[in-house]
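As structure tokens, the structure follows; a few thoughts come after it.
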Amino acid sequence: MRFVVKREEDKTDRLASNETYQALLAITNTLDKNLITDTIYREAYDHPDGKRSRVEDRLSLAYHNKCAYCERICKADIEHYRPKKAVNEDGSHPGYYWLCYEWTNLIPSCITCNREGAKHNKFPVIGHRVSAPMLLADGNIDLALSKAGVTPLVDERPYLLHPEVDHPEDYFEFEIDPDGEGIRIIGIDGEGRGNATIQICLLNRLELKLDRVERVINDFKDAINALFLKLENGNINDGQLADRISEHIDLLHERSLQENRNHTYLSKYIVASAENFEKIVLPFLDLKIRHILIEAFKSTN
Ligand SMILES: [Zn+2]
């Protein structure tokens, strides 16, 4: 997960329309959740390459075609961050039906992060749970108070972090999996929201731990190993080796700025400090070259 800026003006015309607001009023006035329709919050259309969704298209722009939770490029479905029809942790809660068309409540998620057993209708909170929309004096819904980053919703302190509200560097670090299964994400905040988010979306499932290595580490590792082989074969000298290593470390820094790549937050974490680089990257390199790499990292920083 990494922080995402999704602009209010980027939502679809249909979501922004008065017609959608009237449809929402009908739901909140009758509490009939069968009226919630994906023709509004998904808005499917035919595309020469297959069925598409206008809302997904807009979310993909902000999220660079990545899942909000596991940060992999994928076909992401529209996920209601606050579940629209029921909440697992509270059987008496009607679900956040009044947020079914709210832009800040629509998040792109891969089917694995959002399936039953993972996120689905889970939504545990630390604070007081909100169970109805805020109304204006005339009975209309106060849409400004339906936003994820605004009171009263933000005061729920959801355990599940919101990529447009919460900053991942306050909640997550990474470590090498002790069982040799790639790279784990770990929660670091005192309230336990980071760890809860990992649990809810199963962010340490095996495929993800291995994918982090494959997408973020392996190219670098292969390039460095090839350089040392060239040195051994006499194809380059020590000076050339040092220059090429610096170039590859520069590439790691560059990659951490590319939001359209898989696992950008891990890339950012790796280059944030020599300690992080040492902890996450060096274990994948041969013991006898590690000291050269860490010195090179420090001198390019
Ligand atoms: Zn995912």
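The table that follows gives values for the structure above.
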| quantity | calculated |
| --- | --- |
| Debye, to nearest 20: dipole size of the stretch 106-259, +1 on Lys, Arg Cβ, -1 on Asp, Glu Cβ | 560 debye |
| Max mean-square fluctuation residue, GNM over the chain, Cα-Cα springs under 10 Å, options Arg215, Arg244, Arg157 | Arg244 |
| For the chain, calculated [θ]222 nm from helices alone, where every DSSP H run of n ≥ 4 adds -39500 (n - 2.57) | -10500 deg cm²/dmol |
| Dipole magnitude of the chain about its Cα centre (Cβ charges: Lys, Arg +1; Asp, Glu -1), debye to nearest 20 | 460 debye |
| Cα shape, the stretch 207-300, gyration tensor, a/c 1.5 rule | prolate |
| Dipole of the stretch 108-263, positive end: most advanced residue of Ile183, Val125, Asn195 [Cβ charges, Cα centre] | Val125 |
| Amide proton proximity set for Ser53, modelled H, under 5 Å, gap of 5+ | Tyr45 |
| Extreme residue, positive dipole direction of the stretch 1-76, given options Tyr41, Gln22, Ser60 (C-beta unit charges) | Ser60 |
| Residues whose placed amide H lies under 5 Å from that of Cys70, excluding near-sequence neighbours | Cys110 |
| When each of Lys6/Lys268; Lys11/Lys75; Lys51/Lys209; Lys6/Lys75; Lys230/Lys298 is checked by Cα-Cα distance, pairs over 27 Å | Lys51/Lys209 |
| Built amide H within the under 5 Å cut-off of His120, gap 5+ | Arg115 |
| Size of the chain as Cα extents on the principal axes (Å, biggest first) | 79, 47, 31 |
| Dipole in debye (nearest 20) - the stretch 207-300, about Cα centre, beta carbon charges: Lys, Arg +1; Asp, Glu -1 | 200 debye |
| Nearest-10 value in Å² for the accessible area of Tyr97, using the 1.4 Å probe | 20 Å² |
| Surrounding net charge for Leu251, when Lys and Arg each add one and Asp and Glu each subtract one, Cβ distance under 11 Å | -2 |
| Average accessible surface area per residue within the stretch 129-170, 1.4 Å rolling probe, Å² | 46 Å² |
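The values are calculated or read from the model by the stated rules, or taken from the named source; none is laboratory data. This structure is a prediction, so every number in the text was calculated from the model and none was measured. So basically every Cβ, Gly included, is an ideal-geometry build from the backbone, and we count neighbours across all protein chains shown. The accessibility values were calculated without ligands, DNA or RNA, using every heavy atom of the protein model including side chains. Shrake-Rupley method; radii C 1.70, N 1.55, O 1.52, S 1.80 Å.
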